Every structure is written in C-alpha cells, then in structure tokens.
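*Asks:* This is the structure, below, for whatever I ask next.
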Amino acid sequence: MTAQDIADAVSIDMRRLIWSSGSELPILLGWIDRVQKEVLHSSVYAAFNIARTTISTTALQAVYTLPSDVRRVRTVYNRTLSQVILPLEHTAEPATAMEHATPAVGGPEAPDAKLLTIRVHGAFPLYYQRAGNQLILFPEPQLSDNVIEVTYEKTIPTITSATQTLTVPDDGKDVVVAGVNALAAAYLMRDDEAQRWYTVYQKLLSAMPQA
C-alpha cells in the first residue's frame, strides 16, 4: 500500500474537493505521514514497527552501538544465559534522604545502595542504559561472545513521496484513510464531516488491541 493509494481514496471520499495530484498532493502526504505515525505508535499495527538486533559481547567492554533507526528500546535479553537484562533507571531511581529513611506509605522501598553495588559488579550484565545510539551494559561483561538480543521500536520514515510504501499493511488502509479524511475535511472547513471522520478514526484505533 503506497501513499498514493491513500491519497486517491481520500480524494474520492472528499468528493474531489481535494485532488490526489498536483499542488494538493504534498498536503495529503503530510497528513498521511502524521496519521501513519499515530497508528504505528498507538494501535495493533505497532507490531509492524518492531525490529531486533543482536550484540556479541566483548570481555570488559560495556558500551555497544545500536542501529541508527532505534526510537525506543523495548527489551534486552541475554540469549546465551536465557536472562532478561533490565533498565538501570528503574532499579536506581533517585530518592531523597527522607524517602530512604521513611518510604512513602504504600510506595516501593528505596533501592538498597549496597545491594545495588553488588548487583552491578557481578560477572554478567544484569542492567542496561541507553545513551543516544549506544547501549551500556552493567556490569561490563567478563566474557566474550554472549549474544545480547535487543528488541526495539523503529523510527518511522517520513512520507515524502506518493510512491512510498507505508509501514502499515494493506488491511490498515481504513484506519489511515479515516484519519486523513478527518484532517482533509477540517482543511476544507467542513467541520461536521471532520468530526464524523474523526469519530470513525478513533473508533478504529480503539477497536484494535494495543501492541
């Protein structure tokens, strides 16, 4: 499914009040780009925007380069040891002196600094932190050739051409068209129609289980 397929469908739904070619095509492409990104970030079609990469560890090396298209790291897993590697931030969140002394009622206890130190000085990576396009392992691996599998959400390519293929598959055409129709109707100042299409779009999004 290309951006042109969406543009043509929107033009028909708008009764040719906006054309899918010429000077109005770039406007449609901008809307298609916005709607596709929302669909891929907030619906079942997010699964089509997930990728994996593997890292082979080197002894005493903590920092590894991630692919350039990583938007968000979802999971890090040590395939060699069958062990999940956890985000460091969730384990060592900052806490005030009072929180260390008297944790909030019903809240989690503050991390034990001594225990955390032991954990991040073991033989195998237990935690990770992302810094830009780098993945930092804690503690640094003591052995080479551990296979670390990183599952991540990709950065979605911007739609700039009618011939571009969408990341959303063909059976997601209805939700993309509905979203673009809402924007097109608002652009044409047909507010009632824009609201109807927006309602359809939100219904299609909410009907999909979250990824």
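*Asks:* Looking at ILE156, ILE148, which one is buried (at least 18 other Cβ atoms within 10 Å of the Cβ), touching a Leu at 6+ places or on another chain (Cβ under 6 Å) and either aliphatic (A, V, I, L, M) or farther than 20 Å from LEU66 by Cβ (or both)?
*Replies:* ILE156
*Asks:* Let me ask something additional. Hey, can you tell me all the residues within the stretch 159-182 that are hydrophobic (A, V, I, L, M, F, W, C), farther than 16 Å from VAL44 by Cα and part of a helix (DSSP H, G or I)?
*Replies:* Selection gives VAL177, ALA178, VAL180, ALA182.
*Asks:* Tell me which of these ASN49 doesn't satisfy, since it passes every other one: (1) within 15 Å of the chain's Cα centre (by Cα); (2) of a type outside the set (Phe, Trp, Tyr); (3) at pLDDT 95 or above.
*Replies:* (3)
*Asks:* Follow-up question, since we're still on this one. What pairs come out if I take residues in the stretch 25-43 that are closer than 18 Å to GLN202 by Cβ and pair them with residues that are polar (S, T, N, Q) whose C-beta lies under 7 Å away, six or more apart or interchain?
*Replies:* GLN36/THR167; LEU40/ASN49; LEU40/THR167
*Asks:* Out of the stretch 63-76, which residues are within 12 Å of PRO125 (Cβ to Cβ) and under 18 Å from the mean Cα position of the chain (by Cα)?
*Replies:* Listed by number, the list holds a single entry, VAL76.
*Asks:* Given the conditions (1) touching a residue at least 60 places away in the same chain (Cβ under 8 Å); (2) of a type in the set (Val, Ile, Thr); (3) closer than 16 Å to VAL39 by Cβ, which single one is not true for THR163?
*Replies:* (3)
*Asks:* Moving on to the next point. Of the conditions (1) closer than 22 Å to LYS154 by Cα; (2) touching a strand residue (DSSP E or B) at 6+ places or on another chain (Cβ under 6 Å); (3) surrounded by fewer than 18 Cβ atoms within 10 Å (Cβ to Cβ), ASN49 satisfies every one except a single condition; which number is it?
*Replies:* All conditions are met except number (3).
*Asks:* I would also like to ask the following. Any chance you could count how many residues in the stretch 9-40 are crowded, with 17+ Cβ neighbours inside 10 Å and not β-branched (Val, Ile, Thr)?
*Replies:* Here the count works out to 13.
The values are calculated or read from the model by the stated rules, or taken from the named source; none is laboratory data. This structure is a prediction, so every number in the text was calculated from the model and none was measured. Glycine gets a Cβ as well: all are built from the backbone with ideal geometry, and neighbour counts include every protein chain shown.
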